[in-house]
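The values are calculated or read from the model by the stated rules, or taken from the named source; none is laboratory data. Only a predicted model underlies this, so the values are computations on that prediction, with no experimental measurement involved. All Cβ positions, even for glycine, are placed from backbone atoms using ideal geometry, and neighbour counts span all protein chains on display. Just the protein is used for accessible areas: all its heavy atoms, side chains included, with ligands, DNA and RNA removed. Shrake-Rupley method; radii C 1.70, N 1.55, O 1.52, S 1.80 Å.
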Amino acid sequence: MPQPPDMPLEGLYGQIIMDHYRHPRHRATVANPDIQARELNPFCGDLAEVQLKLDSHGRVAQTGVQSQGCSIIQASASLMSEALAGKTPKELEALAARFRDWLQGRLPEAAAEGLEGLQALQVVRQYPVRLKCVLLPWVALEEGVRSYCARRGPKG
Ligand code: ZN
């Protein structure tokens, strides 16, 4: 499937997305991560990788997120990387679920309050074909958390 032309990104949210695309945050790889995953979209070649190191309280202390592909996945990966610090694996799962529901219009707009800057990604709603791009880093995050919890067992 051919990629649609790059979206016209206007307004404040467009500026935020372009800024994250040009200056991705937390892009350095984290060594010896507790949580890690890599997710590829074979249809468009988008790639997202996540590494998280937890502190002794089980909260995210170091974040690494790398991405390749279109401007939207790179911006989404960078925006996501800013929302993870200090969270437990359970809180990461909850954030990912809430973000996904909100992005796909299954939550009232007021629910975006707790989304910590991720609201900028709502511009993608006009381009449903790009939803996969936005969500790929989140799929990687969820994958990583799931396998971390599976390794840790029910005590989590
Ligand atoms: Zn893409």
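Ranked by the mean number of other Cβ atoms within 10 Å per residue, highest first, peptides 46-53, 103-110 order as 46-53, 103-110. In terms of packing, defined here as the mean over residues of other Cβ atoms within 10 angstrom, the peptides 27-33, 64-70, 120-126 line up highest first as 64-70, 120-126, 27-33. Based on Cα contacts under 8 Å between residues 6+ apart, the chain shows a relative contact order of 27 percent. Tally Lys/Arg at +1 and Asp/Glu at -1 over every other residue whose Cβ is under 11 Å from the Cβ of A37; what's the total? Residues near A37 contribute -2 overall.
Angle of helix 71-81 to the longest C-alpha principal axis of the chain, folded into 0 to 90 degrees and rounded to 10: 30°.
Taking amide H as placed 1.01 Å from N in the peptide plane, Q62 has its amide H under 5 Å from the amide H of K53, each at least 5 places away in sequence or on another chain.
Restricting attention to the chain, the count of lysine pairs at 8 or more positions apart or across chains with alpha carbons under 22 Å apart stands at 5.
Averaged per residue, segment 10-147 has 47 square angstrom of accessible surface, using a 1.4 angstrom probe with ligands and nucleic acids left out. Between A61 and V129, the contour length at 0.36 nm per residue exceeds the Cα-Cα span by 21.1 nm. The accessible surface of the chain, taken with every protein chain in place and a 1.4 Å probe, is 52 percent carbon and sulfur. Taking each pair of different alpha-carbon atoms in segment 10-147 once, compute 1/r for the pair, average those values, and report the inverse of that mean as the Kirkwood hydrodynamic radius in Å to one decimal. Final number for the Kirkwood radius of segment 10-147 is 14.8 Å.
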